Amino acid sequence: WRQPPPDAASGRRPLPDTASERRAIPDTASERLPLPDTAGRRLPIPDTAGRRLPLPDADGERLPFPATAGGRLPLPDAAGERPQLLGLFVLSILFYFGAYLPVWLWHLSPRHHYLPSIGLFGGGAVCLAWILERASGRAMRALMVLVLGAATLVLAAAGRGQSRYWEDSFGARKQFFAELKPDLEGKQVLVLDGFPPYLGPAYFFSPQDAAYAPRLLYGESLPLGPHFTGSIGSAPAPAGIFLRTLAPIYRTDNFLYYPTGPVLVARFLGWDQGRLRYEKNPPMPLPYQVLSSSVTPQSGHFTVHKAEARRRGAGLLVSLDLVAALPPHTSLAALLSIFPKGEFHYWGRFENDFGLNLSPLLLDAPQNAGSRRWVESFDLYSFPVTDRVRFEFFAAGRDRPPALLGRAEASVQP
């Protein structure tokens, strides 16, 4: 076609006819004119985001995206899109210590390690990711994965082994209380004597088991006493029983005295094919003998007129003469202490798993409130060698901790 002459008035040439010969004027903001290739085909127009589209080959097929030198597509920028390992590591450490904070404010036990272990393993995972990122060679990475797998297997086996202890502990206790149910009907006190506190790393028998397990397991199906209670360990008395005498658990100023009544004592003997062996209401011999006892009314404040101690073989003879006023429903009891190495230590017997079990002396049976005079003598069958003895006198009952009345000391005569 021929280019038309310019217009005389404006000096511009007219545009070609749009139906046949006009070209599209490119949009300066987004598009360019497509250029024909040698075969007469038009090339694709790039999109507005500036990404490159695949070009057709000579046969009309599309070519793949350009590849990098290693044959992989380029990864996102690590600094921009990958989580920062340092931040994750700090978060794991803060979680580890934060999970322990409520426990440190109260009481720490083995089961409280489970939640903080999440932060511990999280920090380990971050460290492993950091090492793998910088490890060179397939052999090194394979070795690290192998070590990680072996450590995971060992820890999983150890965790499963510990969980079995907890399962066996709960199963043995449940079976024990099921067997004990007929004997507990109408009882006021349950005493668990000699039962181990742990089964491996798991808790076995605790003071809560003796006091609350029957109500928890039996509910309303078992009629217990109106003020049912329990104790781990006990000490015999001439007319009744002392409860809460294990000093490491209940302290030395928290024992109770129960007169003879609806009490069930279970003593641990051992294991028999995964089941507990025990005896019910076993004989409980006294560690002392009451040689003489005289109680007469006498007014006055607490006064110790005489406190004497004399060796007799392996034992000790004790003579007491005192005046005391007792509240209602209480009895007069005394704790003895020895003086072996410059300081006093309470007298009692030692339990293998718990420690000292106190052996209080009962000076009388429960009586009405009032002031009285006690003149009594005791023969303690086996008593440690000491040069001094201290007596602590209490008003002991069943409903509240004992009230300290006073103290007295005596030299041990040969």
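Here are the numbers for this structure:
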{"quantity": "Residues of the stretch 308-351 that turn out to be assigned to a loop (DSSP other than H, G, I, E, B), surrounded by fewer than 22 Cβ atoms within 10 Å (Cβ to Cβ) and in contact (Cβ under 8 Å) with a residue 24 or more places away in the chain, as a count", "calculated": "7"}
{"quantity": "GLY355 loosely packed, with under 14 Cβ neighbours inside 10 Å, within 22 Å of ILE232 (Cα to Cα) and touching a residue at least 40 places away in the same chain (Cβ under 8 Å)", "calculated": "yes"}
{"quantity": "When residues of the stretch 251-280 are limited to those that are under 22 Å from GLY348 (Cβ atoms) and not in a strand (DSSP E or B), the one nearest to the chain's Cα centre (by Cα)", "calculated": "ARG251"}
{"quantity": "Residue list for the stretch 255-268, filter: surrounded by 12 or more Cβ atoms within 10 Å (Cβ to Cβ) and either free of Cβ contacts under 8 Å to residues at least 40 places away in the same chain or hydroxyl-bearing (Ser, Thr, Tyr) (or both)", "calculated": "TYR257, TYR258"}
{"quantity": "Residue check, ALA129 farther than 30 Å from LEU222 by Cα, assigned to a helix (DSSP H, G or I), of a type in the set (Gly, Ala, Ser) and in contact (Cβ under 8 Å) with a residue 40 or more places away in the chain", "calculated": "yes"}
{"quantity": "Residue list for the stretch 127-169, filter: closer than 13 Å to PRO201 by Cα and out of contact with any strand residue (DSSP E or B) (no Cβ under 7 Å at 6 or more places or on another chain)", "calculated": "ALA158, GLY159, ARG160, GLY161, GLN162, SER163, ARG164, GLU167"}
{"quantity": "Any hit, the stretch 279-292, residues being within 18 Å of ALA408 (Cβ to Cβ) and surrounded by 11 or more Cβ atoms within 10 Å (Cβ to Cβ)", "calculated": "yes"}
{"quantity": "Selection count where residues are surrounded by 19 or more Cβ atoms within 10 Å (Cβ to Cβ), out of contact with any His (no Cβ under 9 Å at 6 or more places or on another chain) and not hydrophobic (A, V, I, L, M, F, W, C), scope the stretch 391-414", "calculated": "2"}
{"quantity": "The lone exception for SER382 - which of (1) assigned to a strand (DSSP E or B); (2) surrounded by fewer than 20 Cβ atoms within 10 Å (Cβ to Cβ); (3) in contact (Cβ under 8 Å) with a residue 40 or more places away in the chain it fails", "calculated": "(1)"}
{"quantity": "Qualifying residue in the stretch 367-375 (condition: at pLDDT 90 or above, over 18 Å from PHE302 (Cα atoms) and assigned to a strand (DSSP E or B))", "calculated": "no"}
{"quantity": "Index of the failed condition, ASP272 passing every other in (1) in contact with a Ser or Thr (Cβ under 6 Å, 6 or more places away or on another chain); (2) at pLDDT below 90", "calculated": "(1)"}
{"quantity": "Residue check, GLN175 more than 20 Å from SER234 (Cβ to Cβ), surrounded by 12 or more Cβ atoms within 10 Å (Cβ to Cβ) and either modelled with pLDDT of 75 or more or of a type in the set (Gly, Ala, Ser) (or both)", "calculated": "yes"}
{"quantity": "Residue within the stretch 106-116 that is out of contact with any His (no Cβ under 6 Å at 6 or more places or on another chain), over 30 Å from TYR212 (Cβ atoms) and not in a helix (DSSP H, G or I) present", "calculated": "no"}
{"quantity": "Selected residue (criterion: farthest from PRO226 (Cα to Cα)) from residues of the stretch 143-190 that are touching a residue at least 60 places away in the same chain (Cβ under 8 Å) and assigned to a helix (DSSP H, G or I)", "calculated": "ASP168"}
{"quantity": "Of residues in the stretch 213-254 being among the basic types (Lys, Arg) and closer than 13 Å to ASN357 by Cα, the one surrounded by the fewest Cβ atoms within 10 Å (Cβ to Cβ)", "calculated": "ARG251"}
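One line per residue, one yes/no per condition, for (1) assigned to a helix (DSSP H, G or I); (2) touching a residue at least 40 places away in the same chain (Cβ under 8 Å); (3) not small (Gly, Ala, Ser):
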| site | (1), (2), (3) |
| --- | --- |
| LEU224 | no, yes, yes |
| GLY230 | no, yes, no |
| ALA235 | no, yes, no |
| ILE249 | yes, yes, yes |
| PRO283 | no, no, yes |
| GLN289 | no, yes, yes |
| SER292 | no, yes, no |
| VAL295 | no, yes, yes |
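The values are calculated or read from the model by the stated rules, or taken from the named source; none is laboratory data. Owing to the predicted nature of the structure, the values given are computational and were not obtained by experimental measurement. Cβ atoms come from the backbone with ideal geometry, glycine included; neighbour counts cover every protein chain shown.
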